[in-house]
Amino acid sequence: MNLMPVDITDPRATAYTMPLEDFDVSKAGLFQADAHWPFFERLRREDPVHYCRASTGGPYWSITKYHDIMKVDSDHQTFSSDSALGGITLHDRPDDFRYPSFITMDEPVHRPQRNAVAPMFTPPNLAQLQDTIRSRAGAILDALPRNETFNWVQHVSVDLTTQMLATLLGFPFEERRRLTRWSNVATANLNAGLIATEAERDEILQECANYFIGLWNERVNAEPGPDLISMLAHSPATRNMDRRTFLGNILLLVVGGNDTTRNSISGGLLALNRFPDQYRKLRDNPALVDNMVPEIIRWQTPVSYMRRTAMRDVEFGGKRIKKGDKVLMWYTSGNRDEEVFERADDFIIDRRNAKNHLSFGFGIHRCLGLRLAEMQLRTLWQEILKRLPAIEVVGEPKRILSSLLRGYEELPVRIPG
Ligand code: HEM
């Protein structure tokens, strides 16, 4: 049952006249229309721990204030990520189409699997990738057309992040577009046109599994190498994964490294165009890139929410959450909490506390790739500022149909010659 109509022509008026008990902020259409903001604003002010009694994913709680989100995310003993209970998305996956990975596991299983790939993301290891990222970013930017409209998402955001992902996985470089496709299929909303059924999704993802099994077989008997597949193949915690968990962990690394950073790259350019005074400030002082990067990630919030499942009855924010209830931590709302971020809807590249954003989560599942994501954004913007005085957004972005990932399919831009 759906309580809330998606066709919202005046989101603010609707958000402030609709009874709170009819709110269902999980509707993907709200996000595609970029119409979700006033609904979350009202929830933060009037009902910060909100119960939605019916949605396409069933009843669920929304946690919308910054400090409440941190509390839930940090309390993994009360709030579980386990895929057997439903995992990290509102919609429980059918048993046959479940791909467990360490982001959907609780302790003690989660930590050793996370540790298997953690060496990739240490500062010394990332420092070695810095030059590669810089030269790839430079090459992508130098090849961009001048004086003509093109889609920034495909030409820059997808290209740079997919190249990086291929390197991390030790994936054949010339075949890297397969990664983009698998990532898109893994995250697609069934109503968005890419795939129609879970069975179709599974069929394509089994191709992904087969391809990676080929890479695994090459590496499992070879000396340990510096790529993520080799790390998984040589760690006792991940060496003997069943096929579904193998696919789950591969997809976690593919999606984690792809969509989120991609959408931050697009979102940053959009933000600078929406706030031209900030673009001017950046051109006058390119050193501000360092602080702009967390501000981009706050403003964009590429992962809108993560779900948990309550493992016991718990009193929270004056409400009684019952064992088994679904709890959604809306990072997208916490990052706009006016009690923590002044003028929270504005993009301010020298914002004093930009780094305190919630976009990477907290607690045991805090994003493993966060330093890499920041490095990619920082390096790309440094290279842009060296080369291109202006990149103009010349049309409305086309947003993806998802309440989980906040992203773009198209961002039309033009670089003056
Ligand atoms: C701006 C870019 C990114 C954002 C916003 C982001 C966001 C997130 C979020 C919200 C979580 C879950 C946190 C929680 O439940 O508390 C997460 C976990 C994770 N991320 Fe990222 N991520 C980004 C980039 C990356 C990159 C580049 C990689 C690696 C290639 C990556 C790999 C992972 C992994 C492996 C996990 C699971 C960690 C665990 O369960 O222990 N992420 N990320």
In deg cm²/dmol and to the nearest 500, what is the mean residue ellipticity at 222 nm of the chain if only DSSP H runs of at least 4 residues count, each as -39500 (n - 2.57), divided by the residue total?
-14000 deg cm²/dmol
Report ³J(HN,Hα) in whole Hz for each residue of the stretch 85-99, in order, from the Karplus equation J = 6.51 cos²θ - 1.76 cosθ + 1.60 where θ = phi - 60°; Gly and Pro get x.
8, x, x, 10, 10, 4, 7, 5, 8, x, 3, 5, 10, 9, 10
Which order do you get for 378, 308 if you rank them by accessible area with a 1.4 Å probe, largest at the top?
378, 308
Links that overshoot a 28 Å alpha carbon limit, given the list 27/322; 281/355; 27/71; 71/281; 323/355
71/281; 323/355
Which residue fluctuates most in the GNM of the chain (Cα springs below 10 Å): 180, 167, 17?
17
The chain, Gaussian network, Cα under 10 Å: of 24, 73, 92, the residue fluctuating most is 92
Reachable aspartates and glutamates from residue 386, Cα under 17 Å, same-chain residues fewer than 8 places away excluded?
131, 142, 284, 290
Would you be so kind as to identify all helices of the chain, as entire DSSP H runs, whose Cα atoms reach 20 Å or more along the helix's own axis and whose mean Kyte-Doolittle hydropathy is at least -0.5?
123-142, 243-274, 370-387
Compute from the Cα atoms of the stretch 347-417 the Rg and the Dmax, the latter being the longest Cα-Cα distance, and quote both in angstrom.
15.4, 48
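When you have a sec, figure out the Kirkwood radius of the stretch 2-92 from all distinct Cα pair distances and drop it here in Å to one decimal?
Computed over the stretch 2-92, the radius equals 14.1 Å.
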Taking a 1.4 Å probe, which of 173, 316 shows the most accessible area, and what order do the others take after it?
173, 316
How big is D, in µm² s⁻¹, for the chain by Stokes-Einstein at 20 °C and 1.002 mPa s if Rh is the Kirkwood radius over C-alpha pairs?
97 µm²/s
Give the Rg (one decimal place) followed by the Dmax (whole number) of the stretch 247-348, computed from C-alpha coordinates and expressed in Å.
17.7, 54
Which is the longest stretch in the chain that no exposed loop site breaks, taking sites as GluC sites (Glu not before Pro) with a DSSP loop state and at most 11 other Cβ atoms within 10 Å?
149-338
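Quick check on the chain: of the DSSP beta bridges with both residues there, what percent are antiparallel, nearest 5%?
The antiparallel fraction comes to roughly 90 percent.
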Note on the stretch 192-327: C-alpha Rg/Rh, Kirkwood Rh, two decimals, gives 1.10
Rule-of-thumb Rg ratio for the stretch 62-221 [Cα; 2.2 N^0.38 Å; N residues]
1.26
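Under unit Cβ charges (Lys, Arg +1; Asp, Glu -1), what dipole magnitude, rounded to 20 debye, does the chain have relative to its Cα centre?
Roughly 620 debye for the chain.
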How many angstrom separate the Cα center of the stretch 307-360 from the Cα center of the stretch 198-245?
34 Å
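The values are calculated or read from the model by the stated rules, or taken from the named source; none is laboratory data. The structure presented is a predicted model; accordingly, all values stated were derived computationally and were not measured. Every residue, glycine as well, gets a Cβ built from its backbone with ideal geometry; the counts of neighbours run over all protein chains shown. Surface accessibility is based on the protein's heavy atoms, side chains included, excluding ligands, DNA and RNA. Shrake-Rupley method; radii C 1.70, N 1.55, O 1.52, S 1.80 Å.
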